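Student: Before I ask anything, here is the structure I am working with.
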Amino acid sequence: MRRPPASSVRESRDGTDWLMTGHTWKRFAAIGVFALLVVGGAVLSVALPGRGEPRETPAPVQAMIFPKDFLWGVAIAGQQAESVPASDWTKFEAEVFRAQRFAQGEKLGATPPGHIRDFGRWPEQVRSHKAGFDLRYDQDIDAAAQLGLNAFRVSIEWARLFPRAGMTQPDPDAIAYYHKVFAAMRSRGIEPVVTLFHYVSPAWFFDADVHGKRGWERADAQALWQTYVDAVAENFIPEVRIWCTLNEPMVYLYDGYVIGSYPPGEKRGDFAGARDVYAALLRAHVLAYRVLHRVASSRGASVSVGLTQNLEVFEPYNRYSPLDRALAWVVGKAWNWDFLDAVASGRMRLTTTDIDLPIEGLAGTEDYVGVNYYSRNYVRGDWRHPFAPDVGNVAPDLPHEERNDLGWPSYPHGFYEMLTKVGKRYAKPVMILENGTADGADDDKQRQRSLVAHIREAWLARRDGVDIRSYVHWSLVDNFEWNEGFDAKFGLIAVDYDHDFRRTPRPSAALYGDIAHANGLSTTMLRRYLPDLDASTDAPGR
Ligand code: BGC
């Protein structure tokens, strides 16, 4: 189901406790209730500022130009854009297809766990090739180059390299495929940015080991991962210099193990229930970080290695409720910071639990912090079940807030907030590795506005001291949006699935091209796409 969207991604539907259960919660409850009454009372006694304003960070309208070596890119991922026949996701898709769990009546953004929206409507060729990137990568990379982009984020798929259990060497055709993809990028002056784990693993990784454990909980999970990472490093360094070990670990944990909408489809109810997977992902990150650096230095090359986190703004549903306020803070801490804090400190500490686990070699294993940002959420508590907050995307005082096709609110100022928080918290270079919106309209006005508004926030965060090195847009082309199937359109370029994956650029593609060519935003762009800025932020006397 993924992030906050519509049905409220991490909401407590079917009795799921959003965070933790058991005695740790009781302790938290006792301290929390007392603190809430005191602090909440004090907070509420002073007038709260209006919410939802500013949607954009106030600043004068001026040209916003980025440094010379700034990376302007687009992102896609294997399972979403190409054929990966032997993965856990492919297996899940086949099961969904067989059982016809297509969620046809559901609203876009509200597909229940175990389903893929409208999946049955597509022919086999589309279901298996997704956006058809592997059939036309040359054309797609060329389109990115034509836009003036100099970075392209893709994932290498573990299942493509190691489709069968027990393989010790990668499939040579898979290696050849990725060499061709990276060569197509390099020959056009495009820097590949490569993800190692974008939610997807080989199907066999989920066969039970002798202890009955599967996937990341297998006793040999790290050894299996190492075989994959060794092969990747061996084959693609120095061809690839920028590496992203894990994509959005919290989304994987939440969707795969808390609510069960992604494979392996487990409903453990909270992150504590997935603690071993959580720890295994941190260990997998350390291992990859070390292998990539070791191979690079043995070849006199240098690499930049990090992971990317899905950062979301969490606000109280009711601004006057101390419970909503406290829960918004707790949820935000658990979702946004626990994993990144662990990488910085070397200890896995889960908010509202007593889990505090040192992970060997973890501290400081990141050359940059990766940021994926899309939206904000509203957290609502219920005094009768205070530990199972709902996380949704409509606030009572903002019923008409602009939302995308999936129901996610557009909140550019939150991008600034998140970037500046990351900058302060970790004091590392920051790579924006995803930002975008679902807008399937032919004229995609929302995407155009969103592009300009978010790039503006990134520029302001840079101005305010955050060392941002890239802006990577999700996505170049429409693709397979996990449980939402093919109906959520994230592409600068539309894909016609009924006509051999034909590509048609939306107006936002040309706009992004203009931004990349100008290396930033002109005042004309700002005035054209964000006309309200003049009135609100550039008025005389400000
Ligand atoms: C993920 C992508 C996804 C995108 C839009 C990110 O969370 O990394 O796989 O398609 O958001 O939902």
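Student: How about region 449-462: which of its residues are open to solvent by 10 Å² or more (accessible area, probe 1.4 Å) and either over 18 Å from L71 (Cβ atoms) or within 12 Å of the ligand (Cβ to nearest atom) (or both)?
Tutor: Answer for region 449-462, where residues must be open to solvent by 10 Å² or more (accessible area, probe 1.4 Å) and either over 18 Å from L71 (Cβ atoms) or within 12 Å of the ligand (Cβ to nearest atom) (or both): R449, S450.
Every residue, every condition in (1) farther than 30 Å from P409 by Cβ; (2) modelled with pLDDT of 95 or more; (3) open to solvent by 10 Å² or more (accessible area, probe 1.4 Å); (4) assigned to a helix (DSSP H, G or I), yes or no:
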| residue | (1), (2), (3), (4) |
| --- | --- |
| W72 | no, yes, no, no |
| V96 | no, yes, no, yes |
| G114 | no, yes, yes, no |
| V126 | yes, yes, no, yes |
| A131 | no, yes, no, no |
| Y137 | yes, yes, yes, yes |
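Student: Do we find a residue being under 17 Å from the mean Cα position of the chain (by Cα), within 16 Å of the ligand (Cβ to nearest atom), crowded, with 23+ Cβ neighbours inside 10 Å and touching a residue at least 12 places away in the same chain (Cβ under 8 Å) anywhere in region 183-193?
Tutor: Yes, region 183-193 contains at least one residue that is under 17 Å from the mean Cα position of the chain (by Cα), within 16 Å of the ligand (Cβ to nearest atom), crowded, with 23+ Cβ neighbours inside 10 Å and touching a residue at least 12 places away in the same chain (Cβ under 8 Å).
Student: Also, I was wondering about something else. Looking at (1) assigned to a helix (DSSP H, G or I); (2) over 30 Å from K180 (Cα atoms); (3) not hydrophobic (A, V, I, L, M, F, W, C), which one does G260 not meet, given that it meets all the others?
Tutor: Looking at each condition in turn, G260 falls short on (1).
Student: Still on this structure: Can you work out which of the residues in region 469-499 that are more than 16 Å from the ligand (Cβ to nearest atom) and in contact (Cβ under 8 Å) with a residue 60 or more places away in the chain is surrounded by the most Cβ atoms within 10 Å (Cβ to Cβ)?
Tutor: Only one residue fits best here, namely Y497.
Student: Hey, another quick one. Could you check, for region 241-248, whether at least one of its residues is at pLDDT 95 or above, in contact with a Ser or Thr (Cβ under 8 Å, 6 or more places away or on another chain), open to solvent by less than 10 Å² (accessible area, probe 1.4 Å) and assigned to a helix (DSSP H, G or I)?
Tutor: Looking through region 241-248, none of the residues is at pLDDT 95 or above, in contact with a Ser or Thr (Cβ under 8 Å, 6 or more places away or on another chain), open to solvent by less than 10 Å² (accessible area, probe 1.4 Å) and assigned to a helix (DSSP H, G or I).
Student: Just checking, which of S298, S261 is small (G, A, S) and within 16 Å of the ligand (Cβ to nearest atom)?
Tutor: Only one candidate passes the filter, namely S261.
Student: I would also like to ask the following. For region 307-395, give me every one of the strands (runs of 3 or more DSSP E) that falls completely inside it and has 1 or more residues that are in contact (Cβ under 8 Å) with a residue 12 or more places away in the chain and within 16 Å of the ligand (Cβ to nearest atom).
Tutor: Result: 368-380, 390-392.
Student: Can I ask one more? So which of G407, G440, G465, G436 is modelled with pLDDT of 95 or more, within 16 Å of the ligand (Cβ to nearest atom), under 26 Å from K333 (Cβ atoms) and surrounded by fewer than 23 Cβ atoms within 10 Å (Cβ to Cβ)?
Tutor: The unique qualifying residue is G407.
The values are calculated or read from the model by the stated rules, or taken from the named source; none is laboratory data. Being a predicted model, the structure only gives us computed values, none of them experimental. Note that each Cβ is placed from the backbone with ideal geometry, even for glycine, and that neighbours are counted across all protein chains shown. With ligands, DNA and RNA removed, areas are computed over all heavy atoms of the protein, side chains included. Shrake-Rupley method; radii C 1.70, N 1.55, O 1.52, S 1.80 Å.
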